[in-house]
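Working notes, structure below.
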Amino acid sequence: MFGASDSHPDIHWPSGFSPDQAHGFCQAQAVVHAPPSTAFALLADVARWPDWVPGVTEVDPGAVERAFDVWFHGHRFEISLGEHVPHTRLGWSGIGAGVQLYQAWLLTPVPDGTHVVTENVVRGPVALSIDALAPLWTQRLNSLWLAQLKRLSESASPPTTP
């Protein structure tokens, strides 16, 4: 199990959301045998999350650019995009169901594809309960999400160049 000291040094945390300030922290990483642009496109296509992100059943685009609602295991979360650097990094904050969260994605090109790191921090009373009752739940969820991203990225058609 990862602790706050295991956070990747290149993850950018917003104020108040560093792993050492959180009630819960988890990390997953893998090499995806596809270019960063392919993995990034899947992550950035929020409307398609219900098709492949574990636990996400609905996404509603917000009235404000870079904001949207996500229904995750039956709970509504208000999500705001915090960081968006094409093909390199994404980060979003969310609030709902008794938690505040920040999820960061770092995509780094490597010789055989893309090294993907995702980290989550959560705060709030529900985060404390989950950590006490099922400490590996968030880690499993993060790993499932990354496994799906890997599977879809690797099965995607290679991008065509004009």
Output for the stretch 48-80, where each listed residue is open to solvent by 40 Å² or more (accessible area, probe 1.4 Å), touching a strand residue (DSSP E or B) at 6+ places or on another chain (Cβ under 6 Å) and assigned to a helix (DSSP H, G or I): 50
Filtered residue count, the stretch 107-123, keeping only those that are closer than 18 Å to residue 14 by Cα and crowded, with 21+ Cβ neighbours inside 10 Å: 5
For residue 11: the one exception among (1) more than 20 Å from residue 148 (Cβ to Cβ); (2) touching an Asp or Glu at 6+ places or on another chain (Cβ under 7 Å); (3) surrounded by fewer than 20 Cβ atoms within 10 Å (Cβ to Cβ): (3)
Of the criteria (1) open to solvent by 80 Å² or more (accessible area, probe 1.4 Å); (2) assigned to a strand (DSSP E or B); (3) touching a residue at least 24 places away in the same chain (Cβ under 8 Å), which one residue 30 fails: (1)
Residues that are outside any loop (DSSP other than H, G, I, E, B), without any contact (Cβ under 8 Å) to a residue 40 or more places away in the chain and open to solvent by 30 Å² or more (accessible area, probe 1.4 Å), drawn from the stretch 81-98: 81, 85, 95
Selected residue (criterion: surrounded by the most Cβ atoms within 10 Å (Cβ to Cβ)) from residues of the stretch 33-47 that are out of contact with any strand residue (DSSP E or B) (no Cβ under 9 Å at 6 or more places or on another chain) and among the aliphatic types (A, V, I, L, M): 42
Flag if residue 45 is farther than 19 Å from residue 107 by Cα and charged (D, E, K, R): no
Close pairs from the stretch 49-71: first within 21 Å of residue 156 (Cα to Cα), partner at pLDDT below 90 and loosely packed, with under 15 Cβ neighbours inside 10 Å, Cβ under 6 Å, at least 6 apart: 54/144
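The values are calculated or read from the model by the stated rules, or taken from the named source; none is laboratory data. As the structure is a computational prediction, the values presented were derived from the model and not from experiment. With ideal geometry, Cβ positions are generated from the backbone for all residues, glycine too; neighbour counts draw on all protein chains shown. The protein model used for the area step is the full one, side chains on, heavy atoms only, and it has no ligands, DNA or RNA in it. Shrake-Rupley method; radii C 1.70, N 1.55, O 1.52, S 1.80 Å.
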